[in-house]
Amino acid sequence: SENIGLIRSRVLGAKLALSPYLVFMDAHCNPECNWDTELIKAVKHFGERAIVVPIIPKLDPDRWVNSRIEVGFSMTFNEKLEMKWCGDKSPNDTYLESPVFAGCVSLVAKSFYLELQGFDDGLQIWGSENIDLSLRCWMFGGKVIVVKTSVVGHMFKSINAYEDVKELGLLNKLR
């Protein structure tokens, strides 16, 4: 069977999903207890016009344990569309607005996802889909929200699984 890549797999999954909410999650994630109910509560709080994400600690792949020290909150990007983590600027709040969501895990109401016209299936394999959908979310009057009561660890890979990932990443950014 043909490898259609992450983005086209997510587009297909969203198309076939029957739930009013869509969750997009990488296989190498470790969700903690109640991660999903906290995200659904948050998306409802924002009138289902938000893409919501958990905080994302680094996952130790050998022990399958989420770090309590290395934790990502919100994300932004520079003029080259390179992603970078931001700190928690509102430690006492449950919700944190973010310019961009991390692509490893997110939840969105299916109706809002369809209004945003979903992930761009013209993007190759993976990369920049989170920037694209975040910008459309903001342009359509939505918000990108980090839910600090929801935790999903992510195993950050040191080597890319795809040979041409740098070229494909550049093509995605140009799209």
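A few remarks follow.
- Residue within segment 55-77 that is modelled with pLDDT of 95 or more and under 13 Å from the mean Cα position of the chain (by Cα) present: yes
- Note on segment 133-175: residues that are modelled with pLDDT under 90, of a type in the set (D, E, K, R) and either surrounded by 15 or more Cβ atoms within 10 Å (Cβ to Cβ) or part of a loop (DSSP other than H, G, I, E, B) (or both) amount to 5.
- Residue match in segment 88-100 (condition: polar (S, T, N, Q) and at pLDDT 90 or above): yes
- Filtered by the rule that a residue be in a loop (DSSP other than H, G, I, E, B) and open to solvent by less than 60 Å² (accessible area, probe 1.4 Å), segment 95-123 gives 98, 99, 101, 102, 103, 104, 116, 118, 119, 120, 122, 123.
- Unmet requirement for residue 18, which otherwise passes all of (1) in a loop (DSSP other than H, G, I, E, B); (2) touching a strand residue (DSSP E or B) at 6+ places or on another chain (Cβ under 7 Å); (3) free of Cβ contacts under 8 Å to residues at least 40 places away in the same chain: (2)
- Of the residues making up segment 101-132, just one is touching a Lys or Arg at 6+ places or on another chain (Cβ under 6 Å), over 23 Å from residue 148 (Cα atoms) and modelled with pLDDT of 95 or more, namely 116.
- Contacts under 8 angstrom Cβ, first residue in segment 91-117 being of a type in the set (Asp, Glu), partner surrounded by 14 or more Cβ atoms within 10 Å (Cβ to Cβ), 6 or more apart: 93/148; 97/74; 97/143; 97/144; 97/145; 97/146
- Residues located in segment 1-27, provided they are in contact with a Leu (Cβ under 8 Å, 6 or more places away or on another chain), surrounded by 14 or more Cβ atoms within 10 Å (Cβ to Cβ) and among the β-branched types (Val, Ile, Thr): 7, 23
The values are calculated or read from the model by the stated rules, or taken from the named source; none is laboratory data. Please read these numbers as outputs of a predicted model, since none were measured by experiment. Every residue, glycine among them, receives a Cβ derived from its backbone with ideal geometry; neighbour counts consider all protein chains shown. Side chains included, ligands, DNA and RNA excluded: accessible areas come from the protein's heavy atoms. Shrake-Rupley method; radii C 1.70, N 1.55, O 1.52, S 1.80 Å.
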